[in-house]
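Peer 1: Dropping a structure here in structure tokens format, bear with me for questions.
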2 protein chains.
Amino acid sequence: MDTHTSVIDESPPPLDLSHHYSRTSKARAESRIKEFYRYFAIPGISNLAGVLPERFKLTPNRPNGSLGAIPRNTVSTSLSEEDAHLSVPKFSGTSDRLHEIDLKTALQYGTAQGYPPLYTFLRQFTRENMHPNVPYAEGPEIVLTCGSTDGFNKSVETLSNEWSAETQPISEREGILVEEFCYMNAIQCVQPRGLQIVPVRMDDEGMKATGHGGLRDVLSNWDEAMGKRPHLMYTVSTGQNPTGATLSMPRRKELYRLCQQYDVIIIEDDPYWHLQFPSVIGHDIARRYSSEPREGATKSSGFEFLDSLVPSYLSIDVDGRVVRLDTFSKTISPGCRLGWITAQPALIERILRITEVATQQPSGFVQAIVAEQLIGPHGSNDNGRGGGRDGKGWAVEGWVRWLAGLRGAYERRMRRMCGILDDGKYTLVSKGLCNKGIKTVEPWNIVDKVQMYDFAWPRGGMFVWIEMQLSTHPLHGRTEPGKLSHALWLHLTTKPYLVLVAPGTIFSPMPEIAEERGFVFYRLCFAAVEDEEVEAASHRFVEGVNSFWAKEDLGEIEELLGVDDRGRV
Amino acid sequence: MDTHTSVIDESPPPLDLSHHYSRTSKARAESRIKEFYRYFAIPGISNLAGVLPERFKLTPNRPNGSLGAIPRNTVSTSLSEEDAHLSVPKFSGTSDRLHEIDLKTALQYGTAQGYPPLYTFLRQFTRENMHPNVPYAEGPEIVLTCGSTDGFNKSVETLSNEWSAETQPISEREGILVEEFCYMNAIQCVQPRGLQIVPVRMDDEGMKATGHGGLRDVLSNWDEAMGKRPHLMYTVSTGQNPTGATLSMPRRKELYRLCQQYDVIIIEDDPYWHLQFPSVIGHDIARRYSSEPREGATKSSGFEFLDSLVPSYLSIDVDGRVVRLDTFSKTISPGCRLGWITAQPALIERILRITEVATQQPSGFVQAIVAEQLIGPHGSNDNGRGGGRDGKGWAVEGWVRWLAGLRGAYERRMRRMCGILDDGKYTLVSKGLCNKGIKTVEPWNIVDKVQMYDFAWPRGGMFVWIEMQLSTHPLHGRTEPGKLSHALWLHLTTKPYLVLVAPGTIFSPMPEIAEERGFVFYRLCFAAVEDEEVEAASHRFVEGVNSFWAKEDLGEIEELLGVDDRGRV
């Protein structure tokens, strides 16, 4: 493997992509506080400057005249003499590398990138375990965020200019490529900035590279009269939200090559990366994942579980054009609002400049709690416990086991839901001959077996994307399909079905998509409810759809829609 | 007092200031997830939609197949049946109002404004205790932030348009008024957006309303050829950073009236509000605070301590043009990154829209920890303790006692530092007659008593602003004053003085101010070091300045500056 290793070592550096930086991002200066760092390090100096590197110690910050207990794990930045040397408290059970602030890094990046022990742990995990094969010299850098929404917002601010029809010509309008159904929070972030939303068609794998409406089609036939050709892409590459699609490696490569050709930066939002489901076989595209030889992948992550996952776009990112968003929301807790961005160092440096004047680093409390979990208690004064049974931190091994365990739990829920949905796809509907009172016609003459919906078992993530076959409904043709779909959605929320699903319209990045085809889809999430409820609710969904397919009276549809107009709750 | 109360109740609503919203802010739509809220509330419904209001419960979120302990206080948003009714866990020792999510508020604002119990507590504290006399109908609203830097950044994004010399005429350039010396993080936030920085002159009270360079002068003589007249002001009204100045009520009123006249929105950053020092008397302007009758102040905060503080600009904000930033950084912990914005509801609503697509609400961990401290443990499953001795939450009473206690601790440090500085202002310098070897001249002929520096005792905050009297230095006139000041700054960091102070240049919002007069000032912070060190370091500062005033050889100055160029550490 030495040859391979040396190939990696001799990789060229990432491209200079600074032509993509926004005007504001180009204009951002470094915090001048960094000029003081070297003075902080003078032994015995009293810091009356009051310009502190944002650093934490996990001992109570109890001002004179204590008034009672203060929050546990209180975090303080007061620079005692001991601290002034840019040391951090020792942790037990972890390697020395994690114990020291890297002074060089601190001087270069400042302190907005995160609580040093956590930053160091995540940087190492990201570079060595998650993405051991990033193909540019020196590899990627990271910066902590207040979750992926924050990470996306900062990436967009770094990489796109605001545009306003009031004041600027259309030729200056920038654009962003998105999947034709996507996470609307991202759309709501970029739309007010004046960015043009440019949807790309999808199949069961996710974004299409070729064919009508695929990435090549969109980029090669771009009409400059509509604005600039998009130089950004937002994509959820694994277990896509809402469709559940996961991009295979061959598809990733195709899409990446197009992004190289047209100089597009890829913002990869990948909260579900660890939730890939190997048991989904018997599905054509599944083979495109599992049988894929990991060409170019010369280094192991060190863990069978991580090696088994379709790797990030970063693993083929020779240019350094991938900005990857990770989050603890799906692994530690939804409300923890902690994540990190991984990208080439120059891009991370620009994002850091924004971080310094926006959120600064994430709350020391959440960082300290997560660090304690992963790395272990902080010094002898900390009576907390790490994540391991012995009270030490999980370390990388424990963290990977945790991720694998989560995958198992979600995969089980997914299989329960999809099994029930698979069994319930079909129903019998009247051929329309069955008028009241006529009972002599044989059943095979009056009913048809029809398919009510279709879906692909997701290879990753938390969602099943159901395509309703509205054309098989007895009332098809007698009312608008959008109305039928909305009535079904409402019907499902009534007793005894009582299931709330997400209509495809709310994942349609443009109103035209919602009106044209968005209403055909429902997104079902198997992750937000417990195992037993997944099963019961899936059954109720099937029953609800069945009972809706039994409706032959338009009045019932109108009644459901009327209830909605009056408001239900 | 009934008459007064009814006057307040009959106050007109705040002005519609939407003409100040940025283009992006005007374009922000509400999250569509809110459309689902009423369905969440259907009894027994299974939420397969997976669109969750960001809500927390303080019980462990332990997925099946537990792999070990998970972080204490893990916050989860999983909607169990019990949760689906938009209830929250009961707290002990607090009023019922804090126990319930206000469904109406949730429907109106969404969930980005914060963890409901904490949001409710802070909203009530803000409206009833901090600012009981906000003079517009219905009073202000709040939204939680990731600290004041985040709050400022979001306020700026809501209230100003980016401008670029490349693409836009100067007539579209917006501006922001700032104190002539100010917190540079704010400048570094707005400058890359293309905003023009417009400094206003200060005196010991803070921003000047009248006179050369005062607010009236700047606004009334505005030259439109330089860009739009500023419609924003950034000000630290109490214990200003870096000057320590605190605006008296008469000055606040003068400045506010000018802001009304010229339609300026005031962003009041007030992290030191609770750190006002009543013991600073014998200073002319002190009387302008303490003897001020609280005209118009009809309601008490309920606490003598809060009533004794110079109130916020909000207390005179008849128009609703004040956006106030508060933070827990100076009261709970510097690294906690939690704060809130207070302003008229329409403005808060726009800031919420940004929050939804940027940070979302602050980390549930820090919110839960602070809520536990203030309100108490969350339900019977929570084995945490509140801030009180009995393990219950501090409640408002305890919180106010805590703030008063902090004030006392900082006031003591301030007095120690200022006492030593006062005693050390003067030194004896040679008249320049004292050549080597000549010992017959009488001492009173060869030395002068000169003042080395001057300062005003701060009436609030954490800083003392020292004006060096460089003209009294023996080498004055033989080298540039800026060099002299920098050499002194370096000299102070050497043994045996070992004090690091912040030079005025780094608080100069424009290079011209740094070059013209910024170098004359040093900011000393008495808050970042313990009592004993404050005393010792203040003495060493005085000794360092004294020994610097003894230098008569230009070579020594050059040597100090040379050391700097080579790098010290």
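Peer 1: Go through (1) assigned to a strand (DSSP E or B); (2) within 14 Å of chain A (Cβ to nearest Cβ); (3) not basic (K, R) for B:V323 and report which single condition fails.
Peer 2: (2)
Peer 1: Within the set of pairs 6+ apart or on separate chains, which have a first residue in segment A:200-217 that is free of Cβ contacts under 8 Å to residues at least 12 places away in the same chain, a second that is assigned to a helix (DSSP H, G or I) and crowded, with 16+ Cβ neighbours inside 10 Å, and C-beta atoms under 9 Å apart?
Peer 2: As it stands, the answer is A:K208/A:L215; A:K208/A:R216; A:K208/A:D217; A:K208/A:R251; A:K208/A:L255; A:G211/A:D217, since those pairs meet every condition given.
Peer 1: Determine which member of the set A:K299, A:K330 is at pLDDT below 95, buried (at least 21 other Cβ atoms within 10 Å of the Cβ) and not small (G, A, S).
Peer 2: When all the criteria are applied, what remains is A:K330.
Peer 1: Residues being over 15 Å from B:G482 (Cβ atoms) and open to solvent by less than 10 Å² (accessible area, probe 1.4 Å): count how many of those fall in segment B:508-522.
Peer 2: 1
Peer 1: Based on what the data block shows, is B:P311 in a loop (DSSP other than H, G, I, E, B) and modelled with pLDDT of 90 or more?
Peer 2: So B:P311 passes the test.
Peer 1: Which residue is modelled with the highest pLDDT, if the candidates are limited to segment A:523-537 and must be within 8 Å of another protein chain (Cβ to nearest Cβ) and open to solvent by 10 Å² or more (accessible area, probe 1.4 Å)?
Peer 2: Within segment A:523-537, the match that is modelled with the highest pLDDT is A:A536.
Peer 1: Moving to a separate point now. When residues of segment B:233-250 are filtered for being assigned to a helix (DSSP H, G or I) and surrounded by 24 or more Cβ atoms within 10 Å (Cβ to Cβ), how many remain?
Peer 2: Residues that pass the stated criteria total 0.
Peer 1: Just to be sure I understand, how many residues within segment A:336-351 are within 12 Å of another protein chain (Cβ to nearest Cβ) and either farther than 26 Å from A:P311 by Cβ or touching a Gly at 6+ places or on another chain (Cβ under 9 Å) (or both)?
Peer 2: 4
Peer 1: Consider A:P458 against the criteria (1) open to solvent by less than 60 Å² (accessible area, probe 1.4 Å); (2) in contact with a helix residue (DSSP H, G or I) (Cβ under 7 Å, 6 or more places away or on another chain); (3) modelled with pLDDT under 95; (4) part of a loop (DSSP other than H, G, I, E, B): it satisfies all of them except one. Which criterion is unmet?
Peer 2: Every listed condition holds for A:P458 apart from (3).
Peer 1: Consider segment B:487-506. How many of its residues are under 13 Å from B:W465 (Cα atoms) and open to solvent by less than 10 Å² (accessible area, probe 1.4 Å)?
Peer 2: Total satisfying the criteria: 3.
Peer 1: Further question: Considering only segment A:541-566, how many residues are within 14 Å of another protein chain (Cβ to nearest Cβ), surrounded by fewer than 19 Cβ atoms within 10 Å (Cβ to Cβ) and more than 17 Å from A:Q451 (Cβ to Cβ)?
Peer 2: Result for segment A:541-566: 4.
Peer 1: Kindly list the number of the only condition in (1) in the same structural domain as B:D269 (by TED's automatic domain parsing); (2) out of contact with any Cys (no Cβ under 7 Å at 6 or more places or on another chain); (3) on the phi < 0 side of the Ramachandran plot that fails for B:G320.
Peer 2: Going through the list (1) in the same structural domain as B:D269 (by TED's automatic domain parsing); (2) out of contact with any Cys (no Cβ under 7 Å at 6 or more places or on another chain); (3) on the phi < 0 side of the Ramachandran plot, B:G320 breaks only (3).
Peer 1: Grab the strands (runs of 3 or more DSSP E) fully contained in segment A:109-205, keeping just those with 1 or more residues being away from every other protein chain (no Cβ under 11 Å), out of contact with any Asp or Glu (no Cβ under 9 Å at 6 or more places or on another chain) and open to solvent by 10 Å² or more (accessible area, probe 1.4 Å).
Peer 2: Because the criterion is at least 1 residues that are away from every other protein chain (no Cβ under 11 Å), out of contact with any Asp or Glu (no Cβ under 9 Å at 6 or more places or on another chain) and open to solvent by 10 Å² or more (accessible area, probe 1.4 Å), the strands (runs of 3 or more DSSP E) in segment A:109-205 that meet it are A:196-200.
Peer 1: Moving to a separate point now. For segment A:206-224, how many residues are open to solvent by less than 50 Å² (accessible area, probe 1.4 Å) and either among the polar types (S, T, N, Q) or in a helix (DSSP H, G or I) (or both)?
Peer 2: Going through segment A:206-224 one residue at a time, the tally reaches 4.
The values are calculated or read from the model by the stated rules, or taken from the named source; none is laboratory data. Worth saying up front: this structure is predicted, and the values here are computed from it rather than measured. In this analysis, Cβ positions are derived from the backbone assuming ideal geometry, glycine residues included, and neighbour counts consider all displayed protein chains. Protein only, heavy atoms only, side chains kept; ligands, DNA and RNA dropped before computing areas. Shrake-Rupley method; radii C 1.70, N 1.55, O 1.52, S 1.80 Å.
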